[in-house]
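Read-outs throughout are calculated quantities, based only on the coordinates presented, and are distinct from any laboratory measurement. Source: prediction; values computed, not measured. Note that each Cβ is placed from the backbone with ideal geometry, even for glycine, and that neighbours are counted across all protein chains shown.
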Amino acid sequence: MGSLAGKSALVTGAGRGLGRACALLLARGGARVVVGDIDEAGGEETARLIRDAGTEAVFVRADIARAADVQAMVQRAVESFGGLDCAINNAARFIKPKPLAEISEEDWVASTSVNVTGTFLCMKHEIEAMLERGGGSIVNIGSGRETTGEKGLSWYLGAKQAIYGMTKCAALEYGGKGIRINAVAPGPMWTPALRETAAQNPGHVEARQAHVPLGRIAEPEEVAEAAVWLCSPAAGYVTGTTLSADGGYTLI
Ligand SMILES: NC(=O)c1ccc[n+]([C@@H]2O[C@H](COP(=O)([O-])OP(=O)(O)OC[C@H]3O[C@@H](n4cnc5c(N)ncnc54)[C@H](O)[C@@H]3O)[C@@H](O)[C@H]2O)c1
């Protein structure tokens, strides 16, 4: 996939799930990694796993909904590793699925402040650091295709579709400055978030799985491959795209 050796990378929500898988895979490619999360135990564990495998990593406790936290997280990458080359904006906040008119304003703000504003804040400060560096690659984690909907998920797919829109506009704005910006649209993955949902909703996993042409739920490492490839020099001519890594989920 081209060398990530010595690159400076940042992953949000890297304390578990897809974020951890991305951080570990970036490190396996030789990148030094800032592990961002609000979960200190999970984030420290990811950083330890990377260091134990022989690569540099630092955990930064950062709530992506808070501009000061995001600024400090990006600054840490610049100070620790000399700049920022790659970022995977993965953190998301989940609320209970509900029809739109039943979503409280409080839940709407709580989820969108992370899923939309948080992703915006990350992109904003990452782009500033990458402009200083003379280029870089950002990957935003979405869900589902731009055109799909699902009952109960207006707060979630609405946010993800905002992410696809921000990805495309920013790719246009910063392509000429050497910054590539793409999104990955995962299908269902065996992350702690899915396991928690499955525990509360019997039949949830079976229903998802029945919808996947490949016939199984992904391991997060399989989706991390797509995100890390987009970060890598091998994807040097790819920008503004959404890469589905969903086992064909959104074909049906
Ligand atoms: N699991 C799936 O089936 C699935 C499917 C499609 C898309 N996705 C997307 O993949 C991404 C990762 O999902 P996951 O399943 O690994 O989730 P997860 O809940 O297992 O992990 C998310 C991580 O983000 C962190 N986080 C939450 N709020 C944060 C905040 N404000 N600031 C910083 N960190 C925060 C959590 O502490 C956690 O470590 C999300 O963007 C999600 O929407 C997941």
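Residue by residue, here is whether (1) part of a helix (DSSP H, G or I); (2) over 17 Å from the mean Cα position of the chain (by Cα); (3) within 10 Å of the ligand (Cβ to nearest atom); (4) surrounded by 11 or more Cβ atoms within 10 Å (Cβ to Cβ) holds:
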residue	(1), (2), (3), (4)
193	yes, no, yes, yes
196	yes, yes, yes, yes
199	yes, yes, no, no
208	yes, yes, yes, yes
215	no, yes, no, no
227	yes, no, yes, yes
234	yes, yes, no, yes
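Could you tell me whether any residue of the range 2-17 is touching an Asp or Glu at 6+ places or on another chain (Cβ under 7 Å), away from the ligand (no atom under 14 Å from the Cβ) and either closer than 28 Å to residue 201 by Cα or assigned to a loop (DSSP other than H, G, I, E, B) (or both)?
yes
Which of the residues spanning the range 62-83 are outside any helix (DSSP H, G or I) and over 16 Å from the mean Cα position of the chain (by Cα)?
Within the range 62-83, 66, 82, 83 meet the criteria.
With the structure loaded, tell me whether residue 44 is farther than 19 Å from residue 183 by Cα, more than 10 Å from the ligand (Cβ to nearest atom) and either among the charged types (D, E, K, R) or free of Cβ contacts under 8 Å to residues at least 12 places away in the same chain (or both) or whether it fails that test.
yes
Does the range 135-148 contain any residue that is over 13 Å from the mean Cα position of the chain (by Cα), crowded, with 19+ Cβ neighbours inside 10 Å and more than 27 Å from residue 7 (Cα to Cα)?
Yes, the range 135-148 has at least one match.
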